[in-house]
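To start, the structure under review is shown below, and the notes come after it.
The values are calculated or read from the model by the stated rules, or taken from the named source; none is laboratory data. Bear in mind that the values here come from a model prediction, so they are computed numbers and not experimental data. Cβ placement follows ideal geometry from the backbone for every residue including glycine, while neighbour counts extend to all protein chains displayed.
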Amino acid sequence: MNFGLARTVLREKTQKIIKNKPAFRAVDRACSKDGNGFKTVLTLRLSPLLPIPVAAYPYVFGASSVGIPEFVLGTALGSIKPYALDAYLGTLAVGAASSSSSSSSSATAGSASDMFGSDAVLLAVVGVVLLVGSLATQVASSAWTEAQEELALEDLAAAGPSDAAAGHMQE
């Protein structure tokens, strides 16, 4: 819904905001490169360290050149990781609460193996989440650095030759 609003009714306003915020311009630039729309949406959804607030995504992507299918697919796939982790942790918490509330003064071998199996699955899920988050953060960081460098060059070019030479001499 927010994506559609940013694409139609709020387009001018969101484009003004994007133009004034370097982080939003960097995301817009990354989306405008050929074939990077889906990759940018997915990477930002997976990355635990975000350059922009999550609530701003639909507006930024709506005002950018990202297509609707790229946005929907990237958002859906990128949302699986946190939802799956939350669901598993909730199931684990309910299982732990129900097993501790039942009268289990004598533990059986079956319940011990169930707990070990749950712990192994939890550790595997946490490991995968950390790995995916780490990889997504690395990709996002490199893309972010590249976009910031491009924006700085754009700003220097827009400042004019005399301002660019003065800025170069100060370095």
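Going through the range 14-26 one residue at a time, which ones are in a helix (DSSP H, G or I) and either in contact with a Pro (Cβ under 7 Å, 6 or more places away or on another chain) or closer than 16 Å to Tyr57 by Cβ (or both)?
Of everything in the range 14-26, those that are in a helix (DSSP H, G or I) and either in contact with a Pro (Cβ under 7 Å, 6 or more places away or on another chain) or closer than 16 Å to Tyr57 by Cβ (or both) turn out to be Thr14, Gln15, Ile17, Ile18, Ala23, Phe24, Arg25, Ala26.
Can you confirm whether the range 78-99 contains a residue that is surrounded by fewer than 20 Cβ atoms within 10 Å (Cβ to Cβ) and outside any helix (DSSP H, G or I)?
No, the range 78-99 has no match at all.
If Phe61 satisfies every condition in (1) modelled with pLDDT of 80 or more; (2) more than 18 Å from Ala140 (Cβ to Cβ) but one, which is the exception?
Status for Phe61: all satisfied but (2).
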